[in-house]
Every structure is written in C-alpha cells, then in structure tokens.
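Asker: Let me give you the structure first, and then I'll get to my questions.
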Amino acid sequence: MVCLNTKNLNADELVKLDKEHFWHHLTQHKVFETKDPMIVTEGEGLIIKDIRGKEYIDATSGGVWCVNVGYGRESIAKAVYEQLRTMAYYAGSAGNVPAILLAEKITSLMPGMSKVYYSNSGSEANEKAFKMVRQGNRKRFPGKEKIKILYRDRDYHGTTLAALSATGQEQRKENYGPFLDGFKKVPHACCYRCPFGKEYPNCEIECAKALEEVIIKEDPDTVGAYIVEPITAGGGVIMPVPEYYKIVQEICRKYDVLLIMDEVVNGFGRTGKWFGYQHYDVEPDIVTMAKGMASAYAPLSATVTKQDVFDIFLDDPSKPMDYFRDISTYGGCAGSFAAALESVRIMEEEKLCENSAKMGEYFIGELKELSSLPVVGDVRGKGLFAGIELVEDKTSKTPLEEGKVRKVIADIAAEGVLVGRTNRSFNNNLNNTLAFAPALVADKAVLDKIVNAVRIGLEKACE
Ligand SMILES: Cc1ncc(COP(=O)(O)O)c(C=O)c1O
C-alpha cells in the first residue's frame, strides 16, 4: 500500500512523475539520468520502506535527525486529527489550547526559561532570536548598536540568509552571499582538529577563551549575542569539553552578550537529556528548537527565552514600536502543537531520554570498537547522537577523500542501513564524518545491526 496514492499509480509511474516534477532538496538532479530517486512510502519504529518494497534501518531519524519517537505513531496522527477537526488555525496573536499547554510543558523541562515564541522551522527560530537581540538591544542600550551576532566555526544555524550568515560552514554558504553585516566567527571546539594545535586537558580550553578575543576585537559595545549548537551536529558531531560552556558563559556575562543555544538537533532527548546544554554548567538566555520537538510529524519550532529577555519588550502600549513586532503565519498551526504535545508525552511515558542516554552509551561504545580500523580517526557523540570521522591515515589525520566517504555510505546502505554524513559543509575535504541519530526507541538489537553494517562498509574502505 502506498500512502495517499490517490491516483493509484505504480512504482514506475511515480518514479517518472518524481523525475519530471519534484525538485529534491540538496540534490544534483543529473544523477537521476542514471538512477532512480529514493521514494519512501512507509515507516514503523526505525524501519522505513521504499517504493520498491526494500526495507532499511534508518539510523538518521528521517535523514536530518528529527523523527525522535520513531515512525508510525498512531497516537500523534490521532492527536493532530482531533485538533484539526476542532480548531485548525488562528494566528499566533491569539492563544490556543495546545499552544499554551506545550509552552508550559517545554518551560517545565528547562528550569530558568520562561517564554515560548513559536515559528515553524529551525532557521526561522534562529531568525527570531537574532531579531530579538537586534530590537531588544537597541531598546536596552539607547544610542549604541550592540547588535552583532557571533557564531562558531563549523556550526550550522539554518538555510535562510541571516541563519546562513551565522553559519560556520563555507560550502553551505558558497554563492549565496552577500551575507548580512554584523555576523562574526569564533574558532570551533573540535578537539580532534584543535584550531590551536593543543591537546585536552593541557589546552587551557583556549577554544572557549577565544570568544573573549573576538568580543574585544569587535568592540564589546557592538556585540549582542553568541550563538552555538551545544553539541555541533552537521558540522561533524562535536561535543565541547566539560569546562567549555562555563567559560563561555562567564565571558558572555562579563560583556553583556546574550548566549543563544541552538537546540534544533540536540533538543528533545537526542543527546540523552531533554536539551544538549543540560550536560553542562550553563544557563542560556535564548534557546531555539525544532526537529525533534514534534518528532517531524508536523513542522514546528520555537525560540524560548528567559523572563528578562521577554521583559525587554514589555512596555507602555502607547509606544507602538516597542513590542516584538514579529509574526510567523504557520507558527500558529494548532495541529503542530498537538503533534508536539503527544510526542513529548510519548517521550516521557516511554522514558526516551533515559533510553537515549543508556542505549547511546552502548552504541558509542560499540562504534568505538571499530577504532582499530585504519580509516577510523575519531568516534564521538552523546546519547543516540554519534559521529565517526574518517581519515586516510591516523597519523596525518588526512581526511578520507569525499568520494571514498560516499562509497562507505553506499556500502552501508547496501547492507540495509541508512546513515548520514557531513555533507556539502566544508572545503579541505572535511565532509568526512559519518553521522548517526537513530530514533530514541532504539534497542540493542537494532543498534547491533547498524554497527555491523557500518563495520562492513568501513572494512571495504580499508581494502
Ligand atoms: C543546528 C541546526 N540549526 C538550525 C537548523 C535549521 O533548521 P530548519 O532546516 O528546520 O530550518 C538545522 C537544520 O539542520 C540545524 O541542524
């Protein structure tokens, strides 16, 4: 059965129509002159089926780390259905019941955070954060332009132009400039390729301290915020060392710079806690989220703030320009809130954060067993969120050539397992990290199958 195949077309007919009309994301369509696009039709747990009936274990949660509770959740479909029948939509200037309940739920999972502003993609949630910083700081610091946004090398914050301006991945940005003024880069925090040539723990956490140098160089009176992914996702699954965010926080406070955590990938259990920053001693001012929020059963994102960020915009209603004058039409879709509420309920009932932590430890442990293979440079991650950086040889750490990385992915897929990788992100051949984000319901049996397929793919790369 092919879902909602209203014309009852067979596989060949659908492939033909796909090639004729459907412009795929991130895809060079020329490849479809010699092969067919993947068309997915069904999913249950971690298993997806393509239009020819071939089954795969999806170790990516939907290609882009988002189907956190796994596929086929009837209760989410039902919750969306009920909500759409009852009250489908009204603009976000009005409240609606699931939006209120979800805001209360999310803030209860994030002590210290207070207000939830909805939109409908990760990029958009980050755009809202930047607008809050720009408008809010012009209000807080009259006469100053304390509005620059600092971002970290290797992090990604989205596809829209401000979010790309804040992105530290040159291939993502290539040919899309000019970018916005006032976005400045801070060195990354990947120990395996330390930008300072040092080795933890004898490094004085220079990557965190580098923030201060950038703030001073730019002039603290011009710097409004620093945005980071708590644990970098598409940039290569990079977990900063334990001391990192405490140092960053102190620097931000010293210069009155707001700290924005982009939890678009990390959030909702991916790393074994509700939010990635909760692994650290840090209190962000603004947190953005999307993907796992509704487990991708519906588009939804949010920009969550501390009360004092919200309070900047509280003012005499006779000042018409002083509230947050932003809107997102689909940031008010009630079906998305219903999906998110049910997804979070499932996560709590099935203890999926705990499962992510426990199974993640097992999974990363098993992946580390592959470290003896000559192409495995580094295995890293947290929870059900892992990366394997591939190299030509371990001593020089020369990244494995990209064509070979693509072949590893294809060989793993031939074993029936879909894994991701750093993709069209970096020059210097650094698109060399395999990425894993299985649904948080994963058990040992399915993780063993994933590891086995990965072993086969990597052994072939060593031949
Ligand atoms: C860390 C991070 N932030 C933001 C985004 C952008 O989210 P969206 O694609 O929903 O706009 C992504 C997307 O992959 C992401 O990985």
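The values are calculated or read from the model by the stated rules, or taken from the named source; none is laboratory data. None of these values were measured; they are calculated from a predicted model. Methodologically, a virtual Cβ is constructed for each residue, glycine included, from the backbone with ideal geometry; neighbour enumeration extends over all protein chains shown. The protein model used for the area step is the full one, side chains on, heavy atoms only, and it has no ligands, DNA or RNA in it. Shrake-Rupley method; radii C 1.70, N 1.55, O 1.52, S 1.80 Å.
Asker: Based on DSSP H assignment, which helices of the chain show an axial Cα extent of at least 20 Å together with a mean Kyte-Doolittle hydropathy greater than or equal to -0.5?
Answerer: TM-like helix candidates: 334-349, 352-368, 444-462.
Asker: Is there a pair in 35/460; 105/444; 184/358; 35/78; 115/139; 16/54 whose C-alpha atoms are over 27 Å apart, and which pairs would that be?
Answerer: Beyond 27 Å: 105/444; 184/358; 35/78.
Asker: Continuing with the same structure: Using amide H atoms built 1.01 Å from N in the peptide plane, name the residues 5+ places from residue 186, or on other chains, whose amide H lies under 5 Å from its own.
Answerer: Under 5 Å from the amide H of residue 186: 151, 152, 153.
Asker: Aspartates and glutamates within cross-link reach of residue 397: Cα-Cα under 17 Å, excluding same-chain residues under 8 positions apart?
Answerer: Answer for residue 397, where 17 Å is the Cα cut-off: 199, 378, 389, listed by chain and number.
Asker: Carbon-plus-sulfur fraction of the accessible area of the chain, 1.4 Å probe, in percent?
Answerer: That share works out to 54 percent.
Asker: Moving to a separate point now. What distance in nm separates the simple spin-label points at residue 361 and residue 82, each placed 7 Å from Cα in the Cβ direction?
Answerer: Placing both labels 7 Å beyond Cα along the Cβ direction yields 3.6 nm.
Asker: For the chain, what does -39500 (n - 2.57) per DSSP helix run (n ≥ 4), summed and divided by total residues, give at 222 nm, in deg cm²/dmol to the nearest 500?
Answerer: Rounded to the nearest 500, the figure is -10500 deg cm²/dmol.
Asker: Cut-off under 12 Å on the C-alpha distance; same-chain residues fewer than 8 positions from residue 209 excluded. Which aspartates and glutamates are left, in chain and number order?
Answerer: The reachable aspartates and glutamates, counting only those whose Cα sits under 12 Å from residue 209, are 243, 250.
Asker: Same structure again: Order 25, 157 by their accessible area, 1.4 angstrom probe, all chains in place, largest first.
Answerer: From most exposed to least exposed: 25, 157.
Asker: Would you work out which of 321, 37, 372 lies farthest towards the positive end of the dipole of the chain, given +1 charges on the beta-carbon of Lys and Arg and -1 on that of Asp and Glu, about the Cα centre?
Answerer: Going by the Cα projections, it comes out as 321.
Asker: Here's a follow-up. Would you mind working out the accessible area per residue for the chain, using a 1.4 Å probe, and quoting it in Å²?
Answerer: Heavy-atom accessible area per residue stands at 46 Å².
Asker: In addition: Chymotrypsin sites (Phe, Trp or Tyr not before Pro) within segment 1-83: which are DSSP loop residues with at most 10 other Cβ atoms inside 10 Å?
Answerer: Here the sparse-neighbourhood loop sites are 23.
Asker: Under a Cβ-Cβ cut-off of 14 Å, what is the net charge of the residues other than residue 237 that fall near it, where Lys and Arg count +1 and Asp and Glu count -1?
Answerer: Its environment carries a net charge of +3.
Asker: Between residue 23 and residue 91, what FRET efficiency comes out of the Förster formula 1/(1 + (r/R0)^6) with R0 = 22 Å and r the beta carbon distance, rounded to 0.05?
Answerer: That pair, residue 91 with residue 23, gives E of 0.15.
Asker: Of the listed pairs 173/319; 148/246; 131/273, which have alpha-carbon separations greater than 30 Å here?
Answerer: The pairs that break the limit, which is 30 Å between Cα atoms, are 173/319.
Asker: Rank 285, 221 by accessible area, highest first, at a 1.4 Å probe radius?
Answerer: 221, 285
Asker: Of the beta bridges DSSP finds with both residues in the chain, what % are antiparallel, to the nearest 5?
Answerer: 65
Asker: Amide H neighbours of residue 378 under 5 Å, counting only residues 5+ apart in sequence or on other chains, H built in-plane at 1.01 Å?
Answerer: 389
Asker: Within straight cross-link reach of residue 185, meaning Cα distance under 13 Å, which aspartates and glutamates are found once same-chain residues fewer than 8 apart are removed?
Answerer: List returned: 153, 155, 170, 212, 213, 218.
Asker: So for the chain, averaging the separation of alpha carbon pairs under 8 Å that are six or more residues apart and normalising by length, what relative contact order in percent results?
Answerer: 20
Asker: Please give, to one decimal in nm, the separation of the simple spin-label points placed at residue 321 and residue 108, each 7 Å out from Cα toward the Cβ.
Answerer: 4.1
Asker: Report, for segment 75-349, the % of DSSP beta bridges that are antiparallel, rounded to 5.
Answerer: 40
Asker: Spelling out what I want: for every residue of segment 302-314, take phi, set θ = phi - 60°, compute 6.51 cos²θ - 1.76 cosθ + 1.60 (Karplus), and round to whole Hz; glycine and proline get x.
Answerer: Couplings: 8, 10, 9, 10, 5, 4, 6, 6, 4, 5, 4, 9, 7 Hz.
Asker: Under a 1.4 angstrom probe, counting protein chains only, how are 18, 153 ranked by accessible area, largest first?
Answerer: Most to least solvent-accessible, the answer reads 153, 18.
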